[in-house]
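What follows is a single structure, written as structure tokens, with notes after it.
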Amino acid sequence: MIQTGAHSCDIHKVARQCGVLLRDWRHHSPSSRKARECYCKPTVREIGRRYGEEHLRLVLMLVTGSQRNADELFADVLKAVSRLLIANPELVRRPTLISDFNAIDLGALRRGAKAMKYGMATSDEILVALRMQFGLWPYRGEAA
């Protein structure tokens, strides 16, 4: 089980291990964005500090596991994937976790969530969609 709290986390080391380039948000340009580029260092740092390097590594690897999803290193996606794994630790032990994630079009989920306009955070809407993808809906229990 992943422990929450303050963890020491070298986000640059973890990102390099995952083939992710951490860029400064001030240099972000949607028209020049490339796969495996991440402009949300504060979110990456928050996930790493809260849950540790191993958890952050898994989140980054799952998001970049397929060529199609490697473009989806957005804060909302990273938060949703992280929260999904924390709330459902049995997923980490699932032998098909990587292939299950690779089969999901995270870009379509993110665009759909942004278009919903239900008044909830995009990361929450992505989390709901991910829960449905993994058969974890309807959700009964503590909030994820």
Original post:
Does Ile2 satisfy the criteria of being modelled with pLDDT of 95 or more, in contact with a helix residue (DSSP H, G or I) (Cβ under 8 Å, 6 or more places away or on another chain) and either of a type outside the set (Ser, Thr, Tyr) or not in a loop (DSSP other than H, G, I, E, B) (or both)?
Top reply: no
Subject >> Within region 86-123, tally of residues that are more than 15 Å from Gly65 (Cβ to Cβ) and either touching a Leu at 6+ places or on another chain (Cβ under 8 Å) or crowded, with 17+ Cβ neighbours inside 10 Å (or both) >> reply: 6
Original post:
If a residue has to be of a type in the set (A, V, I, L, M, F, W, C) and either at positive phi or touching a Phe, Trp or Tyr at 6+ places or on another chain (Cβ under 9 Å) (or both) to count, how many in region 44-60 make the cut?
Top reply: 1
Subject >> Long-range neighbours under 8 Å by Cβ, at least six apart or interchain, first residue surrounded by 10 or more Cβ atoms within 10 Å (Cβ to Cβ) within region 131-144, second modelled with pLDDT under 60 >> reply: Arg131/Tyr139; Arg131/Ala144
Subject >> Hits in region 83-105 - residues which are among the acidic types (Asp, Glu) and within 17 Å of Ile126 (Cα to Cα) >> reply: Asp100, Asp105
Original post:
Which members of region 57-105 meet the condition of being in contact with a Lys or Arg (Cβ under 8 Å, 6 or more places away or on another chain) and closer than 21 Å to Ala35 by Cα?
Top reply: Thr64, Ala70, Asp71, Glu72, Leu73, Phe74, Asp76, Val77, Asp100, Asp105
Subject >> Pairs with Cβ under 8 Å, 6+ apart, first in region 37-60 and touching a residue at least 40 places away in the same chain (Cβ under 8 Å) and among the aromatic types (Phe, Trp, Tyr), second part of a helix (DSSP H, G or I) and surrounded by 20 or more Cβ atoms within 10 Å (Cβ to Cβ) >> reply: Tyr51/Ser82
Subject >> Residues located in region 94-141, provided they are on the phi > 0 side of the Ramachandran plot and in a helix (DSSP H, G or I) >> reply: none
**OP:** Quickly run through region 59-80 and pick out the residues that are part of a helix (DSSP H, G or I) and of a type outside the set (A, V, I, L, M).
**Re:** Asn69, Asp71, Asp76, Lys79
Original post:
Only one of (1) at pLDDT 95 or above; (2) farther than 23 Å from Asp124 by Cβ; (3) not in a loop (DSSP other than H, G, I, E, B) fails for Leu56. Which number is that?
Top reply: (2)
Original post:
Looking at this structure, is Arg83 surrounded by fewer than 18 Cβ atoms within 10 Å (Cβ to Cβ), assigned to a helix (DSSP H, G or I) and under 13 Å from the mean Cα position of the chain (by Cα)?
Top reply: no
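The values are calculated or read from the model by the stated rules, or taken from the named source; none is laboratory data. For clarity, every value in this text was computed on a predicted model and none was experimentally measured. In this analysis, Cβ positions are derived from the backbone assuming ideal geometry, glycine residues included, and neighbour counts consider all displayed protein chains.
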